[in-house]
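Notes follow once the structure below has been shown.
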Amino acid sequence: MKALLSLVLSLASLCAILAAINSQTSFFIPIPAAFTPTTKFGCPDTGTVFTYNVPAWNTLRPNRMIAIEEDRFNCRIRSDAQGIYDWFGGLGPHLGDADAAEKNLIANLWPLSVGHTARIAKNDPSSRFVDEIDYTVVAYGLAHVPAGLFWIYKIKKDYYRENILYHTTTLWWSPTLKWTVRQWPEEPGKISQVGGYNWELLSLSSQ
């Protein structure tokens, strides 16, 4: 326990120093897997307003996501840019009936624990290719985004076609907020930056 406390204090001090150097820089410092928790599923408190550092197309202001309700395994939100929609299991947005396999994968990922991984194949009748999706809880640790410091799970969603990785989306999911503080899609060999679907939590409030 003393070792864990010492580790936490050291990480917190380091993060505070780095955050003070550049408040707009995002970074993540993992802790050893032996000290990581297991977290049950949950959605953010109703009325919580998450403001991100990308503009909504229709307001040209930083996009907001407002927590509406928890509907079984769906976290329902209202976005300035996209209206009302669900994040299944808090990790998969806009999943419908055709995404039953991915929904089942996400459901089985809970409770979250570092090292947990699962893969599914998605067969598209209109395509001769077989796509595979791999979800992995990569790490747990302290992260800094423009809104501040948060303990987060780093979750990677890897997309494969014919066993070749062609897309990755990384989520930083906060067990305190029960929501994602950073979403970062990228493609191998390409540089990603803030904008579009690449966003970070800018501020937090409530209605």
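The values are calculated or read from the model by the stated rules, or taken from the named source; none is laboratory data. This structure is a prediction, so every number in the text was calculated from the model and none was measured. When we count neighbours, we look across all protein chains shown, and the Cβ atoms used for this are built from the backbone with ideal geometry, even at glycine.
Annotations for the structure displayed:
- Residue in the stretch 65-85 that is in a helix (DSSP H, G or I), among the hydrophobic types (A, V, I, L, M, F, W, C), surrounded by fewer than 18 Cβ atoms within 10 Å (Cβ to Cβ) and under 17 Å from the mean Cα position of the chain (by Cα) present: no
- The residues on offer are 121, 139, 107, and the sole one that is more than 20 Å from residue 203 (Cα to Cα), in a helix (DSSP H, G or I) and of a type in the set (Gly, Ala, Ser) is 107.
- Residue 36 vs. criteria farther than 23 Å from residue 154 by Cβ and touching a strand residue (DSSP E or B) at 6+ places or on another chain (Cβ under 7 Å): no
- Residues that are part of a loop (DSSP other than H, G, I, E, B) and of a type in the set (A, V, I, L, M, F, W, C), drawn from the stretch 176-198: 177, 191, 194
- Residue, surrounded by the fewest Cβ atoms within 10 Å (Cβ to Cβ), within the stretch 90-115, restricted to residues that are in contact with a helix residue (DSSP H, G or I) (Cβ under 6 Å, 6 or more places away or on another chain) and either of a type in the set (Lys, Arg) or touching a residue at least 12 places away in the same chain (Cβ under 8 Å) (or both): 114
- Number of residues in the stretch 44-64 that are outside any strand (DSSP E or B) and not basic (Lys, Arg): the value is 9.
- Among (1) in a strand (DSSP E or B); (2) touching a residue at least 60 places away in the same chain (Cβ under 8 Å); (3) touching a Lys or Arg at 6+ places or on another chain (Cβ under 9 Å) - the single one residue 41 does not satisfy: (1)
- Answer residue from the stretch 16-41, given it is at pLDDT 95 or above and touching a Pro at 6+ places or on another chain (Cβ under 8 Å) and is surrounded by the most Cβ atoms within 10 Å (Cβ to Cβ) among those: 39
- Set side by side, the residues 157, 190 differ, and just one is over 18 Å from residue 81 (Cβ atoms), touching an Asp or Glu at 6+ places or on another chain (Cβ under 8 Å) and of a type in the set (Lys, Arg), which is 157.
- Check on residue 205, surrounded by fewer than 16 Cβ atoms within 10 Å (Cβ to Cβ) and not in a loop (DSSP other than H, G, I, E, B): yes
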